[in-house]
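Nothing in this text is a laboratory measurement; each read-out follows from the coordinates by a stated rule. Note that this is a predicted model, so its numbers are computed, not measured. Heads up, the Cβs are rebuilt from the backbone with ideal geometry, glycines too, and the neighbour counts pull from every protein chain shown.
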Amino acid sequence: MGSFSETQARKADHLRVCLEESVQFRQVANGLERYRLRHCCLPELNYAEVDVATDFLGKSLAAPLLISSMTGGTEQAKLINFRLAEIAQYYGLAMGVGSQRVSVENPEVMDTFAIRTVAPDALLFANLGVVQLNYGYGLDECRRVIDAIAADALILHLNPLQEAVQTGGDKNFAGLLDKIATLCDQLPVPVIAKEVGNGISAEMAQKLTVAGVAAIDVAGAGGTSWALVESERAQDARQQRLGQTFADWGIPTAECVTTIRQAAPTLPLIASGGLRNGLDGAKAIALGADLVGLAFPFLQAANESIDALHTLVDVLLAELKTAMFCSGCARLAELRSPHVLQPIIS
């Protein structure tokens with residue numbers, strides 16, 4: 001693959017830091033711990049009939065699981081992406097790739113994202129950082145990354161805190177809403193707006209929807225802290241301290257989901273940010289999410305082996321089904337029935 005570009009080096013760094021360093025939120029949880037599903041001692045259900053199938057953006061899924069956007073651009077990233085894609089295909093899950101900016105800058109690494117070959121039927125999301133629209137990117141680059149993986153939708157990720165902490169980060173976020181609206185109008189696939197772990201408020205979700213965004217991935221606080229990731233990578237003491245100061249910045253995932261769902265009852269909504277098991281997923285769906293996204297658990301398993309990924313998905317699905325079975329819910333929609341989810345009064 002030749003010598004690393006600056007962007008490739010950053011991607012390799014991100015993988016290393018996420019896998020080896022302690023970069024999870026420290027004091028802020030995802031908020032799902034404040035809820036419980038009410039136990040039903042006689043569910044009047046056959047566990048075998050618990051159905052977790054759903055559809056999202058017009059495509060059928062065997063389960064409401066999204067393998068969240070993580071990586072690309074290096075040989076290790078390629079291995080991880082292809083393992084994840086194989087799992088998405090096998091289990092009928094959705095998958096987003098990491099930011100494809102690296103492949104726009106270095107077309108020779110486009111193959112690290114070319115996962116459609118192993119996931120011909122999966123719901124796949126391409127991915128670019130929205131701030132790049134202020135740094136020379138436009139319709140052509142968006143089309144290129146969509147075409148590269150024959151994507152069903154394009155994620156535009158919103159990461160102002162990460163860019164502010166990142167050494168040499170791109171910090172001009174002015175005037176982007178209009179540019180998003182233009183893209184939504186002209187692109188051949190739906191656009192998903194996604195944070196990277198600091199959350200999306202109901203007010204911002206409404207603005208993004210008005211601009212034409214088809215779905216929101218809240219990517220709330222409570223999981224991996226990209227402020228801490230960039231602090232670990234920082235070249236100077238100033239940026240290191242910035243990342244430490246803002247390590248716990250953001251809106252918890254549960255709060256994002258509840259407030260957005262209240263404001264926009266029919267908006268396709270993905271809950272991610274600190275979800276670690278199928279019970280978290282069941283709670284997030286009960287709060288109003290349509291899909292639940294996990295990144296860190298998938299990254300750890302994918303880095304290990306394809307067998308580790310099978311083990312992970314198998315237990316995630318068992319946890320989700322058990323949560324539904326023991327709360328008397330045969331289908332995902334029933335999780336939203338009154339009294340199924342209860343706030344824990346402290």
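Data for the structure
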quantity	calculated
Sorted by Cβ neighbour density within 10 Å, fewest at the top, the residues Thr259, Thr253	Thr259, Thr253
Among Gly222, Gly129, Gly73, residue whose mean-square fluctuation peaks in a GNM of the chain (springs only between Cα atoms under 10 Å)	Gly129
Radius ratio Rg over Rh of the range 1-143, counting only Cα atoms, Kirkwood formula for Rh	1.06
Segment Arg116-Asp185, extension gain: residue separation times 0.36 nm, minus the distance between their alpha carbons	22.3 nm
Mean Kyte hydropathy of 0.0 or more with a Cα span along the axis of at least 18 Å, helices from DSSP in the chain	306-325
Over 22 Å (Cα to Cα) - which of Lys179/Lys207; Lys11/Lys207; Lys59/Lys194; Lys59/Lys179; Lys194/Lys283; Lys59/Lys207 fall in this group	Lys11/Lys207; Lys59/Lys179; Lys59/Lys207
Modelled FRET efficiency - R0 25 Å, Arg241 with Asn172, Cβ distances, 0.05 increments	0.65
Scattering curve values for the range 203-346, log₁₀ I(q)/I(0), Debye with Cα scatterers, q = 0.15, 0.17, 0.21 Å⁻¹	-0.89, -1.05, -1.25
Dipole axis of the chain (+1 Lys, Arg; -1 Asp, Glu on Cβ), positive-most option in Ser60, Ala88, Cys41	Cys41
Neighbour-count order for Cys40, Cys326, fewest beta carbons within 10 angstrom listed first	Cys40, Cys326
Length released on extending from Glu33 to Glu75, taking residue separation times 0.36 nm less the Cα-Cα span	11.4 nm
DSSP-loop trypsin sites (Lys or Arg not before Pro) across the range 121-187, with at most 16 other Cβ within 10 angstrom	Lys171
FRET efficiency, 1/(1 + (r/R0)^6) with R0 22 Å, evaluated for Asn277 and Asp307 via beta carbons	0.70
Fewest-first ranking of Arg34, Arg83, using other Cβ atoms within 10 Å as the exposure measure	Arg34, Arg83
Per principal axis, descending, Cα span of the chain in whole Å	61, 43, 41
